[in-house]
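Here is the structure we will look at, set down as structure tokens.
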Amino acid sequence: MPFVPVNTPLLNGNELKYVSECIETNWVSSEGPFIKKFENAFSQYIGRKCGVAVTNGTAALELAFKVLNLKPGDEVILPAFTIISCVIPILRMGATPIFVDSDPNTWNVNVYDLKSKITPKTKIILAVHIYGLACRINEICEIAKENHIYVIEDAAEMHGQEVSDRKCGSFGDISIFSFYPNKHITTGEGGMLLTNDEEFDEKARWYSNLCFGQGHDRYECQDLGWNFRMTNLQAALGLAQLEQIEDFIIRKREIGNRYDKEFQSLSGVIQLPQKNDGFSENIYWVYGLLSKQKPVFEIMKHLADKKIGTRRFFCPLHIQPAVKKYMDTSTIKLPISEELYRRGFYIPSGLGLSEFDQNYVVQQMKSVLA
Ligand SMILES: *Cc1c(COP(=O)(O)O)cnc(C)c1O
């Protein structure tokens, strides 16, 4: 049995055709027709006016905070249970992250805890959708509006997910996506910042393009920017992937539902991901599980011995060594997110997972956990 990686993308549509077109026409840089096409098609799909294609989701987050002019003294409320990319720009810009605990079943941010942490210094709420279920984005946006706070919506794991018939990524003042190969659609590396606000869009474009000027004064830059430009090659991949997104979502849900069904018999030893929380139906970005008894390392080691790839859950931000280097988190206690880290792991669920491989994973999981 060959190795079953935790993720393999599926590149069976027009990917090769569009990428070949870039090479045949010499348009391989961030100039080229696929970028605008991809920006327009993706922002239209999500239901937003503007989209800026960038190098990755982490860059899109950094831009979002910069566009909203995050400054030292400002506070940003965000879940502790998320990727490190969420906190890096906050700390770099000298602002203060305020961490919120998770719900034990959906693994998304606990809205009561979030609400209690608003202060006059709160400038932004970073709402992150985790693993497959949307966070309570409607409530979060209402709370933010009442308190005159911006919302950045991190929908990096949520392409095509819907809440109240609206796509995730269409709620925040600014929203971001990633197109890393484990996301629902990929550009290899890549990301996008979406907004309905033309001023935010223009600023994001400007900062991501070295703050270059216009026309004659192009090389006179009025601020320090970044080169976060996506290439035509990446956008070509993205456009071909986007054409298949509805099928991809169906397939991811098929994989998730299959595991759900097979693992019902293991519910004494593992907690399965929640299928539907009344707000959204799980889109299974990853298929995450919580061990109820066995140490998670032991399970992962057994599966690795059987050539099955797994990953641990996110390390909560308040216990991240990198975060502790920049702020004192010693008094912060967020028991649910700490518990998720201690007990959580996810198993292969990429779009390229064959039925044969999934059968093998199911069989090995049952034998390891029985
Ligand atoms: C993947 C991810 C990102 C970062 O995207 P990259 O393209 O890997 O930089 C940001 N936020 C969340 C929630 C993610 O899952």
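The values are calculated or read from the model by the stated rules, or taken from the named source; none is laboratory data. These numbers come from a predicted model, not from an experiment. In this analysis, Cβ positions are derived from the backbone assuming ideal geometry, glycine residues included, and neighbour counts consider all displayed protein chains.
Here ASN40 passes the criteria (1) touching a residue at least 24 places away in the same chain (Cβ under 8 Å); (2) away from the ligand (no atom under 14 Å from the Cβ) except the one numbered (1). If we scan the stretch 98-113, do we find a residue that is closer than 26 Å to GLU199 by Cβ and touching a strand residue (DSSP E or B) at 6+ places or on another chain (Cβ under 8 Å)? No, there is no match, as no residue in the stretch 98-113 is closer than 26 Å to GLU199 by Cβ and touching a strand residue (DSSP E or B) at 6+ places or on another chain (Cβ under 8 Å). On the given criteria, is VAL4 at negative phi, under 21 Å from the mean Cα position of the chain (by Cα) and of a type in the set (Val, Ile, Thr)? The answer is no for VAL4. When the stretch 69-85 is filtered for residues that are near the ligand (Cβ under 10 Å from one of its atoms) and surrounded by fewer than 24 Cβ atoms within 10 Å (Cβ to Cβ), the ones remaining, listed by number, are ILE83, ILE84, SER85. Restricted to helices (runs of 4 or more DSSP H) entirely inside the stretch 193-280, those with at least 2 residues that are without any contact (Cβ under 8 Å) to a residue 12 or more places away in the chain are 198-208, 245-263. Considering only residues that are aliphatic (A, V, I, L, M) and over 18 Å from PHE42 (Cα atoms), look in the stretch 52-68 and name the one that is nearest to the ligand (Cβ to nearest atom). Among those that are aliphatic (A, V, I, L, M) and over 18 Å from PHE42 (Cα atoms), it is LEU63. Check the stretch 298-317 and report whether any residue there is closer than 19 Å to VAL362 by Cβ, basic (Lys, Arg), part of a loop (DSSP other than H, G, I, E, B) and over 26 Å from the mean Cα position of the chain (by Cα). Yes: the stretch 298-317 contains one or more residues that are closer than 19 Å to VAL362 by Cβ, basic (Lys, Arg), part of a loop (DSSP other than H, G, I, E, B) and over 26 Å from the mean Cα position of the chain (by Cα).
Just checking, which of ASN257, ASN209, ASN232, ASN227 is more than 14 Å from the ligand (Cβ to nearest atom), surrounded by 20 or more Cβ atoms within 10 Å (Cβ to Cβ) and modelled with pLDDT of 95 or more? Please lay out each step first, then the result.
Numbers: ASN257 fails: surrounded by 20 or more Cβ atoms within 10 Å (Cβ to Cβ); ASN209 fails: surrounded by 20 or more Cβ atoms within 10 Å (Cβ to Cβ); ASN227 fails: surrounded by 20 or more Cβ atoms within 10 Å (Cβ to Cβ).
One residue alone meets the criteria, ASN232.
Selection within the stretch 115-132: residues that are among the β-branched types (Val, Ile, Thr) and in a loop (DSSP other than H, G, I, E, B). The member of this set that is nearest to the ligand (Cβ to nearest atom) is ILE118. Among the residues of the stretch 186-205, those identified as away from the ligand (no atom under 16 Å from the Cβ) and not aromatic (Phe, Trp, Tyr) are THR195, ASN196, ASP197, GLU198, GLU199, ASP201, GLU202, LYS203, ARG205. The set of residues from the stretch 318-370 being touching a residue at least 60 places away in the same chain (Cβ under 8 Å), farther than 30 Å from GLY268 by Cβ, assigned to a loop (DSSP other than H, G, I, E, B) and out of contact with any His (no Cβ under 6 Å at 6 or more places or on another chain) comprises GLN320, TYR326, MET327, LEU351, GLY352. A count restricted to the stretch 138-185 and to residues that are more than 13 Å from the ligand (Cβ to nearest atom) and more than 12 Å from ILE125 (Cβ to Cβ) stands at 9. Here the condition is being surrounded by fewer than 19 Cβ atoms within 10 Å (Cβ to Cβ), at pLDDT 95 or above and of a type in the set (D, E, K, R); of LYS252, LYS301, LYS294, it holds for LYS301 alone.
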